[in-house]
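Structure first, commentary second.
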Amino acid sequence: MITRAELLVRGALATGGLYGAGAVAPWVERALAQESTGDLKILEFALKVEGVLAAFYKEALKKKGLGGDVKRAFTEIAAHEEAHAKQLNQTLGQLSEAKDRFSVAAVSTAFGNSPAELLRHAIEIEEVGLAAYNGAAPVLRSPDLLVAFASIAQVEGRHVGALRELAGKDPAPAAFDKALSPAAAENRVSLGL
């Protein structure tokens, strides 16, 4: 019987044969590190991602001049991000007996004031959030948590597509989404994405 880590490494090696070793190095790293990364830590990180996303939209919706389709999209996405954060917080509370971990983080307001600047930044932070989920999902041990992560990642992907379309960009410019290594995602999130 092979372990999940071994299965991921084998899959990464096969993929590496097609796309090159550099394309799969992060997957191999995550697969080998899987045994030391617990689901609780991953959930805490996901909650941090959602807190940053929720905080961004909360601040962006306060900006003057934001209206029309962009404001409607931001309002809907803000509700999604808050729902994600609340669910992750509840799950963490059930798993660790810790309560009320979620609070909206303070984010930099240096992301601009115009609707175009806010939209550009929203696309960037949603793409980072999605890449963080993609990078964390392979190391989850619980199938139930993996399903939850996949469900959130799908919605984050829809956010990216909708925002890109509002900005006049291709909503799905690539056939595959990128994944950030846990360290890279942590660095981006700690900087406010």
Exercise. Output the peptides 161-167, 70-76 sorted from most to least packed, where packing is the average of other Cβ atoms within 10 Å over each peptide's residues.
Key: 161-167, 70-76
Practice problem: Report the local net charge at K169: Lys and Arg +1, Asp and Glu -1, summed over other residues whose C-beta lies under 13 Å from its C-beta. | Solution: -3
Exercise. Sequence neighbours fewer than 8 away in the same chain don't count; with that in mind, list the lysines whose C-alpha is under 25 Å from K86.
Key: K41, K48, K58, K62, K63, K71, K99
Exercise. Along Cα→Cβ, 7 Å out, is where each label goes; now give me the distance between the ones at L146 and A175 in nm to one decimal.
Key: 2.4
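FYI, it's all coordinate maths here, none of it is from the lab. The shown structure was predicted, so the numbers you read here are calculated from the model rather than taken from an experiment. Don't worry about glycine lacking a Cβ; one is built from the backbone with ideal geometry, like all the others, and counts go over all protein chains shown.
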